[in-house]
Structures are given as structure tokens and as C-alpha cells.
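Please treat every number below as a calculation from the coordinates, not as lab data. Bear in mind that the values here come from a model prediction, so they are computed numbers and not experimental data. Cβ coordinates were reconstructed from backbone atoms using ideal geometry, including for glycine residues, and neighbour counts include every protein chain displayed.
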Amino acid sequence: MAPPDPNKSPADKTVGELVFEVTEQTSALIREEIELAKTEVSEKVTVLARGSVVGIAAGVFAFLALILLLQAFALGLNDLFFESHPWAGYLIEAILLLVIAAGAGYFAYNSFEKTGAPVPTEAIEEAQKIKATLNPGEDV
């Protein structure tokens with residue numbers, strides 16, 4: 001079947017030509033919506049990946065500095081309070097670190113819960129609008 005003549009007015013077109021045109025435009029619209037969804041997910045994944053890489057780099061440097069600070073802290077506690085029991089300063093320090101780790105874990109859990117999965121919300125909304133337009137009697 002040959003494509004309809006675009007110069008014809010809609011009143012002069014046959015039903016077959018109109019159906020072909022609607023089908024062609026619907027296919028193009030669906031392809032564009034799929035491309036929008038791909039782009040939206042790709043952008044969200046890129047932002048999450050970039051943030052993760054920077055967070056990992058910051059964590060490595062902070063960890064290296066923390067090793068030095070923790071050693072100094074434990075030795076300072078030993079000098080101030082526990083001269084005859086050097087293990088006590090390290091024990092107090094370990095307990096403090098576990099409390100900090102619990103708080104950080106809780107914060108990380110909440111952050112991931114708020115962000116959620118990278119879902120193409122804009123594309124889904126557009127698809128629902130298109131469906132409502134094509135099927136005006138149905139609830140979306």
C-alpha cells in the first residue's frame with residue numbers, strides 16, 4: 001500500500017489513508033516516548049554514578065586520615081587516663097566508632113529510600129496522557 005498523499009485535505013482522503021496516517025503517527029509517538037524514557041533513566045543513572053564515584057573517593061581519603069586520627073586519639077586517651085592499661089583507650093575508641101557507624105548506616109539507608117529506583121516518571125506521565133487521549137472513556 002502506498003503512503004497517502006500529504007497534500008490532500010483530510011476530507012479528500014480515504015478511510016484507509018486516514019488509518020495509515022494515524023498508525024504511522026502513533027508509531028512515531030511511541031518511538032519518541034520510548035526514547036524519552038531511555039534518556040530520562042540514563043540521566044538519572046549518570047547522576048547517581050557520578051555521585052557514587054565522588055563519594056567513594058572522598059571515603060578513601062577520609063578513611064586514610066581517620067586511621068591517623070584514631071591512632072592519635074587512642075594514644076591520647078592512654079596518656080591521659082589509662083597509663084597502665086593501653087587497651088582501654090582503644091576499647092573506648094572502638095565503641096565510639098561503632099556508634100558513629102550505626103548513625104552513618106541509618107543515614108545511608110534513609111538516603112537510598114528517598115531516592116528510589118531511577119524510574120522514567122515524566123515518560124510514564126506522558127504515556128498516560130496519550131492513553132487518555134486515545135481512549136477518552138477509560139480511567140487511567
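With label points built 7 Å along Cα→Cβ from the Cα atoms of ALA108 and ALA132, find their separation and express it in nm.
4.1
Count neighbours as other Cβ atoms within 10 Å of each site's Cβ, and list the chymotrypsin sites (Phe, Trp or Tyr not before Pro) in segment 42-140 that are DSSP loop with at most 16 such neighbours. Walk me through the numbers before you get to the answer.
Numbers: sites: PHE61, PHE63, PHE73, PHE81, PHE82, TRP87, TYR90, TYR106, PHE107, TYR109, PHE112; in loops: PHE81, PHE82.
Answer by residue number: PHE81, PHE82.
Normalised by the residues of segment 14-133, what does the relative contact order come to in percent, with Cα pairs under 8 Å and at least six apart? Each step should come with its number before you reach the end.
Details: 34 pairs, mean separation 50.1, N = 120.
For segment 14-133, the relative contact order is 42 percent.
Please determine, in degrees from 0 to 90 and to the nearest 10, the orientation of helix 86-115 with respect to the longest principal axis defined by the Cα atoms of the chain, where the helix direction is its Cα long axis.
So the inclination is approximately 10 degrees.
Over segment 69-140, calculate the relative contact order: mean separation of alpha carbon pairs under 8 Å at least 6 apart, over the residue count, as a percent. Don't skip to the end; give the middle numbers.
Working: 21 pairs, mean separation 11.6, N = 72.
Over segment 69-140, the number comes to 16 percent.
In whole Hz, with x marking every Gly and Pro, tabulate ³J(HN,Hα) for segment 38-55 from phi via Karplus 6.51 cos²θ - 1.76 cosθ + 1.60, θ = phi - 60°.
4, 5, 5, 5, 4, 5, 5, 5, 4, 5, 5, 5, 4, x, 5, 5, 5, x
Using the 10 angstrom Cβ neighbour count as an exposure proxy, how do LYS44, LYS8 rank, fewest first? Kindly include the intermediate steps, with their values, before the conclusion.
Numbers: LYS44 17, LYS8 11.
Ranking LYS44, LYS8 by Cβ neighbours within 10 Å, fewest first, gives LYS8, LYS44.
How many lysine pairs does the chain hold where the Cα atoms are under 23 Å apart and the two sit 8 or more places apart or on different chains? Intermediate values should be presented prior to the final figure.
On the way: LYS38/LYS114; LYS38/LYS129; LYS38/LYS131; LYS44/LYS114; LYS44/LYS129.
Close lysine pairs under the 23 Å cut-off: 5.
Using a Förster distance of 41 angstrom, determine the FRET efficiency expected from the C-beta separation of GLU43 and ALA94, and round it to 0.05.
With R0 = 41 Å, the Cβ-Cβ based efficiency is 0.45.
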